[in-house]
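The values are calculated or read from the model by the stated rules, or taken from the named source; none is laboratory data. This structure is a prediction, so every number in the text was calculated from the model and none was measured. Quick reminder, even Gly has a Cβ in these numbers, built from the backbone with ideal geometry, and neighbours come from all protein chains shown. Accessible surface is based on the protein model in full, side chains and every heavy atom, while ligands, DNA and RNA are left aside. Shrake-Rupley method; radii C 1.70, N 1.55, O 1.52, S 1.80 Å.
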Amino acid sequence: MVWKSGLAFPRYLLIAHPDIKKLWYIKSNLMIINAILKKLKDACTDLLPIVLVIAFFQMVVIRQPLPQMGEVLFGTLLIVLGLSLFIQGLEMGLFPIGEAMAQALARKGSLFWLLAFAFALGFSTTVAEPALIAVAAKAAEIAGDGGLIDSSPESLKQYAFGLRMSVAFSVGLAILIGVMRILRGWPIHYLIIGGYVLVMLMTIIAPKEIIGIAYDAGGVTTSTITVPLVAALGVGLASTIRGRSPLTDGFGLIAFASLLPMIFVMGYGLLIFK
């Protein structure tokens with residue numbers, strides 16, 4: 001038997017009857033095309049509110065044509081294609097592998113390797129986060145222009161690197177704490193409330209030059225790369241451990257990933273701007 005796209009034909013029929021084979025391939029191709037069109041439609045639907053807001057303000061408030069209209073339209077097309085491919089990649093790659101590795105490590109029964117994987121996952125995904133790289137570079141540039149640090153390229157690079165490492169380490173630690181919460185069944189609201197109390201205390205003593213960057217650092221860590229893998233880790237782990245629910249225990253890791261960077265970046269500012 002040959003199985004493809006929900007159709008089953010005996011192999012000898014595909015060989016002996018070219019029309020059946022042709023019909024089989026047409027059906028398969030139509031299903032692929034329909035799936036692609038659905039992804040493109042979903043991406044267009046997601047982008048529609050943004051397009052409407054920009055169009056409204058451009059036409060009603062500013063009342064001027066968009067500059068470089070051709071480039072804007074081409075860029076929008078690239079966004080639609082990229083978003084469609086990105087979502088498909090998440091569904092096919094990142095979500096399944098994150099859940100599978102979490103389940104495999106949980107079944108292995110080694111707390112050390114599970115926590116090591118949680119920390120390494122949070123650290124590595126954050127280091128590779130494009131939004132964090134961009135924010136760290138811009139923060140270094142502004143700090144150099146404002147005279148807070150030396151404006152030499154080497155100093156700017158070191159400042160940006162230290163900022164990225166601070167955020168990456170804090171996210172790794174946050175994911176580790178989140179995994180421990182799932183394992184031990186700790187109430188999430190106690191940890192979140194305590195964390196934000198610490199954020200407020202750090203805000204009082206931290207240099208004012210770093211506070212805004214620290215708060216933004218909590219947001220840039222919850223972006224395109226970190227969120228899918230971390231969410232898959234939590235859901236996969238909670239679905240494996242007896243007595244844990246993926247709905248009530250599997251989520252919440254992202255909250256830790258956005259909380260601890262604020263504390264660590266303000267601590268980094270205390271060291272740099274002392």
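Determine how large the accessible area of PHE95 is when every protein chain is in place; take a 1.4 Å probe and give Å² rounded to the nearest 10.
Here the accessible area works out near 70 Å².
At q = 0.07, 0.10 Å⁻¹, what log₁₀ I(q)/I(0) does the chain have when each alpha carbon counts as one equal point scatterer in the Debye sum?
-0.40, -0.73
Defining a contact as two alpha carbons under 8 Å apart and six or more residues distant in sequence, what relative contact order in percent does the chain show?
21
What is the gain in length, in nm to one decimal, between THR45 and SER155 on full extension, counting 0.36 nm per residue of separation less the C-alpha to C-alpha distance?
Taking THR45 through SER155 to full extension adds about 35.2 nm, to one decimal.
Just to confirm a number: summing +1 for Lys and Arg and -1 for Asp and Glu over residues other than GLY243 whose beta-carbon lies under 14 angstrom from that of GLY243, what do you get? The partial results should precede the final answer.
On the way: positive: ARG181, ARG184, ARG242, ARG244; negative: ASP249.
Within the 14 Å Cβ shell, the charges total +3.
Along each of the three principal axes of the Cα atoms of region 175-216, give the extent in whole Å, ordering the values from largest to smallest.
Largest first, region 175-216 extends 38, 16, 12 Å along its Cα principal axes.
Given Cβ point charges of +1 (Lys, Arg) and -1 (Asp, Glu) and nothing else, what value in debye, to the nearest 20, does the dipole of the chain about its Cα centre take?
Computed about the Cα centre, the dipole is about 1120 debye.
Out of the total accessible area of the chain (probe 1.4 Å, heavy atoms of protein only), what percent is carbon and sulfur? Please report the intermediate quantities before stating the final value.
Values: 11520 of 16140 Å².
Answer for the chain: carbon and sulfur cover 71 percent of the accessible area.
At ILE192 and ALA120, where each label point lies 7 Å from the Cα along Cα→Cβ, what is the point-to-point distance in nanometres?
Simple spin-label model gives 3.0 nm for this pair.
What accessible area per residue comes out for the chain, rounded to a whole number of Å², with a 1.4 Å probe?
59
Based on Cβ point charges of +1 for Lys and Arg and -1 for Asp and Glu, what charge dipole magnitude is obtained for region 148-274 about its Cα centre, in debye rounded to the nearest 20?
Here the size comes out at about 400 debye.
Between LEU201 and ARG242, what is the label-to-label distance in nm when each label sits 7 Å out along the Cα-to-Cβ direction?
3.9
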